2 protein chains.
Amino acid sequence: MKLVVDTLGGDNGATEIIEAIKLFKGEHPDVEIFAVGMKEDVDAIQDIAHPVYAKSILPMEAGVLEAMRDKESSMYVAVETLLKENADGIISSGSTGAYLSLATLKIKKIPGVIRPALITSFPTIIDNQNVVLLDVGANNENTKEELAQFAKMGLLYSQIVFHKENPHVYLVSNGSEKGKGSPLVKEAYSLLEKEPFFFGNMEARDILKGEADVVVFDGFTGNVYLKGSEGMAKMMSGLMKDAFKRSIFSKIGYLFAKKGFDELKSKMDYKKVGGALLVGVNSVVVKAHGNSDRQSFKAAMNVAYNLMDKRVVQQIKERFLGA
Amino acid sequence: MKLVVDTLGGDNGATEIIEAIKLFKGEHPDVEIFAVGMKEDVDAIQDIAHPVYAKSILPMEAGVLEAMRDKESSMYVAVETLLKENADGIISSGSTGAYLSLATLKIKKIPGVIRPALITSFPTIIDNQNVVLLDVGANNENTKEELAQFAKMGLLYSQIVFHKENPHVYLVSNGSEKGKGSPLVKEAYSLLEKEPFFFGNMEARDILKGEADVVVFDGFTGNVYLKGSEGMAKMMSGLMKDAFKRSIFSKIGYLFAKKGFDELKSKMDYKKVGGALLVGVNSVVVKAHGNSDRQSFKAAMNVAYNLMDKRVVQQIKERFLGA
């Protein structure tokens, strides 16, 4: 398997990503890595990765024009490398907008797909039951037809990645009854109504209860949900830490309860989830968090690895065309 | 002060609300209560509240037509009582859609307001710093002009209720840079750009960091944010409980750390926040959670009390017209 890594574009610079490559390569010596970045950075790891040189970094606010124009940016070079080397996947923590544009324009969409979507998963209150979320930010607005396609891509993702035979797919809305929602959700509901996998509307407060295997949003709302939930989880984790730090007694309490809380922390650490897949394009295109450190970037590389290993793009392509 | 209470319409029946009235009246003997509901329920508390009879309950999915047609529903009668008694406020845990319709059509909007919004607040990581959120669900879709008005109503709410002199108001978007967002957010940005209180876009993950005093969403997105965050907070609380229950050691740990965790629980208990105000109409119209128990309904009654006491509607009316 071949994986192209954009070592630039994240908030924490190339160092963390270079370290992530080392960690990942230690776990997966079989994967051929193409490390795209500044000469001095990528030459330093040429014993474990093919160095590919780039000269600039796309700024976080880069749009489609800038992304296509700067042919020496690490992201552009990475996409070119993917195509040239016929690699199986690509990963970057750079600008989502630019990445989406480059992926759509150069790697191309799977035939039949109207718009790609960013897909990721969250843990739920049920152990080992994850919920697949899409679109969490590839799009600023969507049509009803796009939402209906997201439902189908989410279904396939859940089947392939989480081995669910009959995933339950929901539309996220402001009420669970039929007829509730934005005009867009109401329209998408009517397109999906007859699909056997479609279970109706779900309120956002029920997403983590474990009943839904897949929940569908437009890209703007999904992004607000994803980041809002992350913000809340982070705040609660901080408050928990404070609660344990309060006094000598609470510190002793922590020692007694440590094991359970370490598990909680591990379950809720969104850095472990790592990356989101840009689903609907002709390759495993993984977006890592902009503020990824080495551990979270490595986790995102693992996401890419699993998706390549499960041939998720090929499978979606076959089944999507057959649908 | 006069407060009208719809004792029906919540998921938990009249009993919890009747008990909430008793608790509230114990704390605020000065407030005149009009308890609207089934004869047997409201007659039972006629020593502390004026009983007003209703004969039916609007179903949760009731829309505007049903709300206006069923003139014997507790919500309709409650609104009529508000008008007839010239009361200062009204509270219900019934259907948001029906409540919004009745409030808009019968209590009427404040002159100049295009659409009312549901406004509430969340705790943040900074102690005693709350963030005001609107619209969290009064509307299924909004225009840029409505978002710009929400920003102004949120500003006033923050000034009046939280005594902020210069509240920082943000639009929630999928990126913090100018130019990010749905078409709607981009348009609202340009309307707000020159306002001194407007601080730009904010990503949902930053809402609880304490920098924003007010954040503005369209009603659909705000509802997903609110309920999504509640869902995450609930899941984390459950996981914390589980972590402490794991073993005899962790249970001992809980005893040591109890005080801090009780504070955390208290801070994060959304039932304590209680109610959301329907801002933009000519009265204090408070929506309590559909699943309110006696404590959370009492908390919502306290929200109504504070808003009536601070004459928030009169102040918004004066300042809104002056703007």
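FYI, it's all coordinate maths here, none of it is from the lab. As the structure is a prediction and not an experimental result, all values here were calculated from the model. For neighbour counting, all protein chains shown are included, and Cβ atoms are generated from backbone atoms with ideal geometry for every residue, glycine included.
Table for the structure above
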{"item": "For B:LEU184, net neighbour charge (Lys/Arg +1, Asp/Glu -1) across residues whose Cβ lies under 11 Å away", "result": "-4"}
{"item": "Where labels lie 7 Å past Cα in the beta-carbon direction, separation of B:ARG311 and A:LYS241 in nm", "result": "4.6"}
{"item": "Pairwise centroid distance, computed over Cα atoms, of region B:1-41 with region A:134-175, Å", "result": "43"}
{"item": "Quarter of Cα convex hull surface for region A:138-185, i.e. mean projection, nm²", "result": "4.1"}
{"item": "Rg and Dmax of region A:216-323, Cα atoms only, in Å", "result": "18.6, 63"}
{"item": "With 10 Å bins from 0: P(r) over region A:133-291, alpha-carbon pairs, percent", "result": "10, 34, 30, 16, 9, 2"}
{"item": "Kirkwood estimate for region B:1-59, i.e. one over the average of 1/r between Cα atoms, Å", "result": "11.3"}
{"item": "Rounded, prolate or oblate (a/c below 1.5 giving rounded, otherwise prolate when a/b exceeds b/c) for region B:1-139 by Cα gyration tensor", "result": "oblate"}
{"item": "For residues of A:66-78, the mean tally of beta carbons on other chains within 10 Å", "result": "0"}
{"item": "Chain A: most fluctuating residue of A:ALA151, A:ALA188, A:ALA257 per GNM, C-alpha cutoff 10 Å", "result": "A:ALA257"}
{"item": "Candidates A:GLY112, A:GLY37, A:GLY280, ranked by Gaussian network fluctuation over chain A, Cα under 10 Å, top entry", "result": "A:GLY112"}
{"item": "Sum of side-chain charges, A:ALA98 neighbourhood, beta-carbon under 11 Å (Lys, Arg +1; Asp, Glu -1)", "result": "-2"}
{"item": "Residues of region B:96-116 with amide N under 15 Å of a point placed 7 Å along Cα→Cβ from B:LEU65", "result": "B:98"}
{"item": "Span from the region B:239-312 Cα centroid across to the region A:229-270 one, whole angstrom", "result": "20"}
{"item": "Residue-averaged [θ]222 nm for chain A, counting only DSSP H segments that reach four residues, each worth -39500 (n - 2.57)", "result": "-15000 deg cm²/dmol"}
{"item": "Spatially proximal lysines relative to A:LYS55 (Cα-Cα < 19 Å; intrachain offsets below 8 disregarded)", "result": "A:LYS39, A:LYS71, A:LYS84"}
{"item": "Local electrostatic count, B:LEU147, Cβ distance below 13 Å [Lys/Arg +1, Asp/Glu -1]", "result": "-4"}
{"item": "Spatial extent of the protein assembly as shown: Rg and Dmax, with the Cα atoms as the point set, Å", "result": "26.1, 85"}
{"item": "Relative contact order (%) - region A:163-239, alpha-carbon pairs under 8 angstrom, separation at least six", "result": "36"}
{"item": "Residue-averaged beta-carbon neighbours from other chains (10 angstrom radius) around B:202-213", "result": "4"}
{"item": "Cα gyration tensor shape of region A:155-246, rounded if a/c is under 1.5, else prolate or oblate by comparing a/b with b/c", "result": "prolate"}
{"item": "Cα gyration tensor shape for region A:91-199, rounded if a/c is under 1.5, else prolate or oblate", "result": "oblate"}
{"item": "Trypsin sites (Lys or Arg not before Pro) within region A:55-102, DSSP loop, no more than 15 other Cβ atoms inside 10 Å", "result": "A:LYS55, A:LYS71"}
{"item": "Entries of B:LYS106/B:LYS317; A:LYS2/A:LYS109; B:LYS227/B:LYS265; A:LYS234/B:LYS194; A:LYS234/B:LYS267; A:LYS25/A:LYS317 with Cα pairs more than 22 Å apart", "result": "A:LYS234/B:LYS194; A:LYS25/A:LYS317"}
{"item": "Tail beyond 33 Å, pair distance distribution of chain B (Cα, percent)", "result": "28"}
{"item": "Average Cα contact separation per residue, region A:1-58, under 8 Å, 6 or more apart, as relative contact order %", "result": "36"}
